[in-house]
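Please read the structure below before turning to the comments.
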Amino acid sequence: MKILVAIKRVPDAETTIKVNPEGTGIVNAGVKWVVNPFCEIAIEEALKIKETKGDVEVVLVTVGRSESQEQLRTGLAMGADRAILVTAENLDTTGVSRVLAKIVEKESPDVVFLGKQAIDDDSNEVGQMLAQRLGWAQACYISEFNMADDAKSAQVVREIDGGMRTDKVMLPAIITADLRLNEPRYASLPGIMKARKKPLEEIDGASLGVDLEPKIIIKSMAPPPARAAGRLVESVDELINALKNEAKVL
Amino acid sequence: MSDAAINQYKADLRSMEFTLYEHLKVQEVFTEDYFSHLSREECDQIIEQTARFADEYIGPLNGPADRAGCTIVDGQVITPEGFKAAWSKLYELGVPNFAVPLEHGGFQGPSSVGSVLHELLSGANCSFNMYPSLTLGAMDLVATFCKGKVRETFLEPMMDGRFGGTMCLSESQAGSDVGSATTKAVKIEDNRYKISGTKCWISAGDHDLGENIVHLVLARVEGAPAGTKGISLFVVPKYRVNDDGSVGESNDVQTVSIEHKLGIKASSTAVLAFGENDNCEGFLVGGEENSGMKQMFQMMNSARIIVGIQGLAAASSAYLNALAYARDRKQGSSVKAFKDPNAPRVAIIEHSDVRRMLMEMKARVEGMRSLVVKLSKHQDLSLALAEKDPDTANYHKGQVDLLTPIVKAYCSDQGFRVCELAVQVYGGAGYVQDNPVEQYLRDSKIFSIYEGTNHIQALDLVVRKLRGRKGQDLVDFTSNMTEFIQTNANDPGIGAEVRALGAAAQGLQEAGASIMEYMMSGKLDQLTLCATPFLEAMSEITVGHLLLEAALIAEECRTQNDDQSQEDFDFYAGRVMSAKFFANFILPTVHAKVAAIKSADRSALDIPDRGFSTAW
Ligand SMILES: Cc1cc2nc3c(=O)[nH]c(=O)nc-3n(C[C@H](O)[C@H](O)[C@H](O)COP(=O)(O)OP(=O)(O)OC[C@H]3O[C@@H](n4cnc5c(N)ncnc54)[C@H](O)[C@@H]3O)c2cc1C
């Protein structure tokens with residue numbers, strides 16, 4: 001069996017993000033980059049299947065700048081078998097899903113895992129778009145995944161508004177991981193050492209023959225307004241007055 | 001006070017990165033065959049994973065484990081909640097074996113990177129980290145000196161974390177004077193001996209983290225010569241090990257009690273009774289009697305460096321916590337508005353004296369870290385070049401020897417003092433358990449005591465290490481420093497500070513001459529009186545050199561790199577400023593120590609004992 005996991009390089013949640021002076025994007029210098037946390041969960045799920053089912057190849061793929069190698073190496077160190085880096089810049093979700101569809105065609109995996117969204121843009125689109133392009137079933141926001149013994153289908157628990165929903169999904173399918181699916185493992189020292197020798201294939205995005213032109217144009221980007229400092233009020237009256245007339249919540 | 005597990009450990013990974021790669025250029029070691037199976041990329045990943053483990057697993061346990069302490073139930077020590085899970089996770093990650101040679105089954109990573117891993121683990125939870133550190137030290141001895149069955153039986157389980165390890169030197173009458181140990185060994189046959197005696201103060205002496213504990217015990221074979229020359233080293237497990245590797249019956253090692261301590265309360269410190277029932281078996285290490293001290297020194301040297309790192313680690317987190325508090329706590333108004341009672345309240349970081357304290361802490365932490373990494377890089381190169389270029393390897397080995405007592409004593413003393421400053425920055429809030437710094441202060445006091453008190457380190461420096469390789473080590477050390485001073489004395493940015501270093505180094509030479517004079521003329525009491533101030537002065541100069549060297553690099557990065565973030569710019573500016581502060585506020589204290597050493601004052605020696613106090 002083969003499992004493809006698509007991952008993304010994103011700024012660490014604790015890094016301070018600054019918008020560049022032109023307002024077209026963020027400043028990359030000084031940013032700490034990590035594997036998108038939801039993608040880490042996706043990798044973990046694939047590795048768990050590998051551990052229980054045995055004969056499973058876990059292949060990682062990412063679309064991005066060549067620095068994204070670092071994140072692929074992290075996934076390899078966690079235990080994935082090999083990785084594919086498709087180099088391309090400034091794609092939007094339509095372009096990424098087109099590239100991934102090509103890779104799926106090439107690799108023909110039995111199931112594709114993705115994070116439900118990436119914590120940089122929070123788009124929550126790539127998995128769904130990919131399913132559409134491939135004409136595959138999709139199960140998004142899953143917090144439980146149980147593959148049937150014959151590997152032809154899987155039972156999944158999905159997080160939906162106000163509750164959980166259990167579905168059966170026919171494979172191959174697109175699965176996107178939610179927070180509670182599992183707790184991703186650390187890359188161990190032996191894992192990190194082994195990752196060095198695992199294959200990492202680089203493919204030029206332009207060579208795939210798909211439309212990489214972004215359909216979403218970022219007109220401007222601005223940081224949220226800074227929160228004003230709080231102040232101490234002298235009396236209840238002053239508080240009520242402020243709530244009524246300044247905050248306008250009463 | 002809440003016992004909710006929150007992580008209060010703070011690490012500055014950017015600062016570590018600077019010291020490793022920008023200042024001391026540790027990446028150079030990867031070009032040597034010995035380390036060529038690794039690159040910076042893997043090391044960075046390992047640092048990242050270790051930092052994550054520190055933050056997620058052991059950092060949150062630090063406060064609660066301090067309050068819970070270790071307990072003893074039916075002669076078995078129980079460690080605080082969460083330690084077992086953290087221990088399994090740590091060995092699953094494999095971090096303890098990072099620097100262990102490939103031939104022993106480790107990863108053969110450079111110690112310079114390993115020092116950062118130690119800092120992260122110890123800073124997050126010093127007590128917890130005692131257990132794997134002692135296991136590593138004991139394992140290293142087994143790996144180096146044991147052969148055949150003993151090695152087969154114990155090495156792998158100690159690397160996997162199935163078995164813990166200890167070092168048993170101290171006895172109630174044998175502390176600093178290890179040679180007066182009386183624990184007895186009587187030969188049964190081959191390398192098997194019967195062991196009997198009581199060891200005190202044994203860190204990790206008993207615990208419930210693994211299945212067994214492997215004690216490395218110093219004992220005296222009947223008829224052995226007196227003193228350190230008659231000491232042998234034995235592997236003594238808590239439980240005997242069956243032929244199939246499983247843990248068998250008790251080996252007659254009993255935990256008599258554990259100490260109630262000022263700090264590192266979650267690290268058990270045990271009194272162990274060996275052979276109370278005449279049924280305790282040990283295996284002679286290395287197959288030769290009376291070589292115990294030499295063998296134990298292998299472990300003690302690395303243990304001393306680790307103790308230095310413990311001081312650095314506590315200090316670094318204490319500093320970063322104090323810094324965060326100082327940015328947040330509002331008190332008083334700016335001194336510039338002293339006439340205006342209604343002036344806005346400011347964060348205490350705006351007060352000059354708080355800045356002075358923060359700056360001293362910053363400079364000392366950075367200085368200690370560069371000292372530790374410097375020593376570790378020498379160690380890496382001495383290993384990597386041993387075959388290819390023995391002369392250069394010997395140079396590096398000599399610098400390791402010379403710097404080891406300095407790292408142990410300076411980082412442990414200053415570690416404690418930085419923690420004390422951190423408490424001062426917090427004010428009353430630093431004295432209570434809601435904030436982590438009171439624990440750092442308590443935990444860090446032990447560092448100047450165990451692994452040879454800091455005075456023992458000072459004696460090691462002046463009596464032995466200054467004369468290492470017939471004085472060549474000191475010559476090498478001094479010429480590196482002189483060259484730096486000559487090259488940079490007129491630097492437009494920090495020339496004045498480099499000259500201040502030069503003046504202090506000149507003073508140290510004079511103090512060194514006095515020390516030699518006391519030694520040659522047999523004034524041994526005067527010599528030992530001056531050993532500690534000498535070590536302190538030499539340490540400050542070594543650190544001053546490293547800080548100024550780093551400042552030059554930081555200044556270059558700051559002015560020559562256009563494509564840098566504001567953070568980087570501020571970071572480099574901060575490195576230059578802390579080096580200048582060190583040179584102007586701290587280096588001058590060297591002159592006071594030099595004056596004391598040169599004075600040949602005998603009052604501390606000649607005062608009648610009753611003159612200290614006639615009341616008691
Ligand atoms: C928490 C803790 C953990 C420990 N862990 C271990 C362990 O795992 N294994 C182990 O074997 N031991 C351990 N020890 C013991 C430790 O190494 C000793 O406490 C230390 O070596 C000092 O010995 P002592 O306590 O007997 O003090 P002493 O030797 O009595 O020293 C008291 C003072 O006298 C000074 N002094 C002693 N001799 C001289 C001299 N010749 N010249 C000048 N000054 C001198 C010392 O510097 C010190 O200031 C531990 C101790 C503690 C408190």
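Hey, got a sec? Which trypsin sites (Lys or Arg not before Pro) in segment B:367-399 land in a DSSP loop and have at most 13 other Cβ atoms within 10 Å?
In loop regions of segment B:367-399 (DSSP not H, G, I, E or B), the sparsely surrounded trypsin sites (Lys or Arg not before Pro) are B:LYS388.
The convex hull of the Cα atoms of segment B:428-468, projected and averaged over all directions, covers 3.8 nm². Here the relative contact order of segment A:1-157, from alpha carbon pairs under 8 Å that lie six or more residues apart, stands at 27 percent.
Give me the percent of Cα-Cα pairs in the protein assembly as shown that sit more than 42 Å apart, rounded to a whole number. Let's see the in-between values first.
Working: 158954 of 374545 pairs.
I get 42 percent for the Cα pairs in the protein assembly as shown exceeding 42 Å.
State which entries of B:LYS523/B:LYS598; A:LYS48/A:LYS152; B:LYS397/B:LYS580; B:LYS377/B:LYS397 exceed 20 angstrom in Cα-Cα distance in the structure shown. From the list (B:LYS523/B:LYS598; A:LYS48/A:LYS152; B:LYS397/B:LYS580; B:LYS377/B:LYS397), the Cα-Cα distance tops 20 Å for B:LYS397/B:LYS580.
Here is the list for segment B:347-413: GluC sites (Glu not before Pro) lying in DSSP coil, each with at most 10 other C-beta atoms within 10 angstrom of its C-beta, are B:GLU387. Two numbers describe the Cα atoms of segment B:152-245: Rg and Dmax, which are 13.9, 40 Å.
Taking all Cα-Cα distances within segment B:462-603, those exceeding 22 Å account for 45%. The mean of 1/r over all distinct Cα pairs in chain B, once inverted, gives the Kirkwood hydrodynamic radius of 25.5 Å.
Counting, for every residue in A:181-191, the Cβ atoms of other protein chains within 10 Å of its Cβ and taking the mean gives 5. Note on B:91-97: average number of Cβ atoms from other chains within 10 Å of each residue's Cβ is 4.
Across segment A:243-250, rounded Karplus estimates of 3J(HN,Hα) from the backbone phi angles (6.51 cos²θ - 1.76 cosθ + 1.60, θ = phi - 60°) give 5, 6, 9, 9, 7, 6, 10, 10 Hz, Gly and Pro being marked x.
Please list, by residue number, every one of the GluC sites (Glu not before Pro) in segment A:190-250 that is coil in DSSP and has at most 10 other beta-carbon atoms within 10 Å.
Numbers: sites: A:GLU201, A:GLU202, A:GLU234, A:GLU238, A:GLU246; in loops: A:GLU234, A:GLU246.
Answer in residue order: A:GLU234, A:GLU246.
Within the same chain, aspartates and glutamates fewer than 8 places from B:LYS229 are excluded, and of the rest, those with a Cα less than 16 Å from its Cα are B:ASP177, B:GLU288, B:GLU289. For segment B:513-583 versus segment B:202-277, the spacing of their alpha-carbon centroids is 41 Å.
Within the same chain, aspartates and glutamates fewer than 8 places from A:LYS248 are excluded, and of the rest, those with a Cα less than 17 Å from its Cα are A:ASP237, A:GLU238. What the phi angles of segment B:414-429 give under the Karplus curve with 6.51, -1.76 and 1.60, with θ = phi - 60°, is a coupling list of 5, x, 4, 5, 5, 4, 5, 4, 4, 4, 5, 4, 6, x, x, 5 Hz, glycine and proline written as x. Just need log10 I(q)/I(0) for segment B:457-497 at q = 0.27, 0.30, 0.34 Å⁻¹, Debye formula, equal scatterers on the alpha-carbon atoms, no solvent, rounded to two decimals. Those come out to -0.82, -0.91, -1.03, one per q. By the compact-protein rule of thumb, 2.2 N^0.38 Å, the alpha-carbon radius of gyration of segment A:2-223 corresponds to a ratio of 0.99. Placing dummy labels 7 Å off each Cα toward the beta-carbon, the span from B:THR487 to A:GLU51 is 5.1 nm.
Testing the spin-label approximation: label points 7 Å from Cα along Cα→Cβ at B:LYS294 and B:THR182. State their distance in nm. In this crude label model, B:LYS294 to B:THR182 measures out at 2.8 nm. A cut-off of 5 Å between modelled amide H atoms, ignoring neighbours fewer than 5 places along the same chain, links B:VAL100 with B:PHE107, B:GLN108, B:GLY109.
For a quick protection proxy, order the peptides B:38-44, A:43-49 by their average other-Cβ count within 10 Å, most packed first. Intermediate results must be reported in sequence, preceding the final value.
Numbers: B:38-44: 18.0, A:43-49: 23.0.
Put in order of decreasing packing, that is A:43-49, B:38-44.
Efficiency by 1/(1 + (r/R0)^6): what FRET value for B:PHE612 and B:ALA513, r their Cβ-Cβ distance, R0 = 30 Å, to the nearest 0.05?
Numbers: r = 31 Å, r/R0 = 1.03.
Efficiency for this residue pair is about 0.45.
Could you calculate the FRET efficiency of A:ASN90 with B:THR392 from 1/(1 + (r/R0)^6), where r is the beta carbon distance between them and R0 is 60 Å, rounded to 0.05? Intermediate values should be presented prior to the final figure.
Values: r = 50 Å, r/R0 = 0.83.
The computed FRET efficiency comes out at 0.75.
Cα-Cα over 32 Å: which of B:LYS194/B:LYS294; B:LYS84/B:LYS184; A:LYS32/A:LYS244?
Beyond 32 Å: B:LYS84/B:LYS184; A:LYS32/A:LYS244.
Throughout, read-outs are computed from the coordinates displayed, never taken from laboratory work. A quick note: this is a predicted structure, and the numbers were derived from the prediction, not measured. Because the Cβ atoms are built from the backbone with ideal geometry, glycine has one as well, and the counts that use them run over all protein chains shown.
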